[in-house]
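A.B. asks: Shown below is the structure under consideration.
The values are calculated or read from the model by the stated rules, or taken from the named source; none is laboratory data. Not measured: the values here are computed from a predicted model. Don't worry about glycine lacking a Cβ; one is built from the backbone with ideal geometry, like all the others, and counts go over all protein chains shown. Only protein heavy atoms, including side chains, enter the accessible area calculation; ligands, DNA and RNA are left aside. Shrake-Rupley method; radii C 1.70, N 1.55, O 1.52, S 1.80 Å.
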Amino acid sequence: MLNFILSGFADEASKDLEGQIAALKRNGMSYFAPSGIDGKNTSDFTVEEAKALKEKLDAEGIKVSSIGSGYGKIEIDEDFEPHFEKFKNTVEVAKVLEAKYIRMFCFFFTKGQSMEEYRDEVLRRVKIMADYSAAQGVYCCLENEKGIYGDVAERNLEVLRYCQPNLYAIVDPANYIQCGVDPLAAYEMV
């Protein structure tokens, strides 16, 4: 028998932690993927802030399934090093929160850059993040989105295969629809 953990983003129910916890409890959920809490993205938390959050969540019986980050949501031609340094801190935050996963993306191409020209750079960047976090016991999960290298299933699958075994997939059907991709076919592919 398969065992599923029902989890979701609670920041769409409320911007503050207390409201998010109330929404989770109202819906019978004991796991969530924090993204924004009290006006701050979870990926911007310090380790100390994560410890304080963990204490509050433990007291309420709430656990963190994953970190809802925006890593990989920078233009492909932007400097990667500051992005990666911030990512390394988020891996530490995930460890404090006992989250096994961090959501990520594979870089924007909104200024008309050539996806073929930057293909190797996309693969390099995603693999660096996936390998780094996996070595820490936290796994990256790649989400498809319009305007990024993995906006279509074929390129998303290419990145996933390149970074195996340290990268997992998140399929957002609505994002595939925005790109003219059949979400069921994309799901089956990735």
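A.B. asks: Over the chain, average the accessible area per residue using a 1.4 Å probe and give it in Å², no decimals.
C.D. replies: 51 Å²
A.B. asks: Toward the positive end of the charge dipole of the stretch 64-105, about the Cα centre and with charges on Cβ (Lys, Arg +1; Asp, Glu -1), which of 99, 68, 82 goes farthest?
C.D. replies: Working it through, the farthest residue towards the positive pole turns out to be 99.
A.B. asks: While we're looking at this one, here's another question. Counting only C-alpha contacts under 8 Å and six or more residues apart, can you give the relative contact order of the chain as a whole percent?
C.D. replies: Once normalised by length, the contact order is 16 percent.
A.B. asks: A follow-up question, please. For the stretch 112-190, what is the relative contact order in percent, using Cα pairs closer than 8 Å and at least 6 residues apart in sequence?
C.D. replies: 29 percent
A.B. asks: Now for a separate question. If you plug each phi of the stretch 119-134 into the Karplus form 6.51 cos²θ - 1.76 cosθ + 1.60 with θ = phi - 60°, what whole-Hz ³J(HN,Hα) values come out, in order, with x for Gly and Pro?
C.D. replies: For the stretch 119-134, the Karplus curve yields 3, 4, 5, 4, 4, 4, 5, 5, 5, 4, 5, 5, 5, 4, 5, 4 Hz.
A.B. asks: Taking each pair of different alpha-carbon atoms in the chain once, compute 1/r for the pair, average those values, and report the inverse of that mean as the Kirkwood hydrodynamic radius in Å to one decimal.
C.D. replies: For the chain, the Kirkwood estimate is 17.1 Å.
A.B. asks: Return the long-range amide H neighbours of residue 167 (sequence gap of 5 or more, or a different chain), with a cut-off of under 5 Å between placed amide H atoms.
C.D. replies: Close amide H contacts, sequence-distant or interchain: none at all.
A.B. asks: Right, something else. For residue 139, which sequence-distant residues (separation of 5 or more, or a different chain) have an amide H within less than 5 Å of its own amide H, given hydrogens modelled in the peptide plane?
C.D. replies: 101, 102
A.B. asks: Can you run phi through the Karplus equation (6.51, -1.76, 1.60; θ = phi - 60°) for the stretch 68-79 and list ³J(HN,Hα) in whole Hz, with x for Gly and Pro?
C.D. replies: Couplings: x, 8, x, 5, x, 9, 10, 5, 4, 9, 7, 4 Hz.
A.B. asks: Now, a different point. Could you give the angle, 0 to 90 degrees to the nearest 10, between helix 47-60's Cα long axis and the longest principal axis of the Cα atoms of the chain?
C.D. replies: 50 degrees
A.B. asks: Then there is this: Based on the Cα atoms of the stretch 1-48, what semi-axes does the equivalent ellipsoid have, where each is the square root of 5 times one gyration tensor eigenvalue, given in whole Å with the largest first?
C.D. replies: Those come to 21, 14, 8 Å.
A.B. asks: Give the separation of the Cα centroids, the stretch 1-80 to the stretch 96-162, in Å.
C.D. replies: 20 Å
A.B. asks: So in the chain, what percent of DSSP beta bridges are antiparallel if you round to the nearest 5?
C.D. replies: 20 percent
A.B. asks: If you don't mind, there's one more thing I want to ask. Figure the gain on full extension for residue 185 and residue 115 (residue separation times 0.36 nm, minus the Cα-Cα span) and round it to one decimal in nm.
C.D. replies: On the way: separation 70, 0.36 × 70 = 25.20 nm, distance 2.22 nm.
Once the chain is fully extended between residue 185 and residue 115, it gains 23.0 nm.
A.B. asks: Give the carbon-plus-sulfur fraction of the accessible surface of the stretch 1-87 in %, rounded to a whole number; probe 1.4 Å, heavy atoms of protein chains only.
C.D. replies: Reported share for carbon and sulfur atoms: 53 percent.
A.B. asks: Quick one: Karplus J couplings for the stretch 28-40, per residue in order, coefficients 6.51, -1.76, 1.60, θ = phi - 60°, nearest Hz, x for Gly and Pro?
C.D. replies: Values per residue, Gly and Pro as x: x, 10, 10, 10, 8, 10, x, 10, x, 9, 6, x, 10 Hz.
A.B. asks: Mind listing the long-range amide H neighbours of residue 65? Cut-off is under 5 Å, sequence gap 5 or more, other chains count too, H placed in the peptide plane at 1.01 Å from N.
C.D. replies: So residue 65 has HN proximity to 32, 33.
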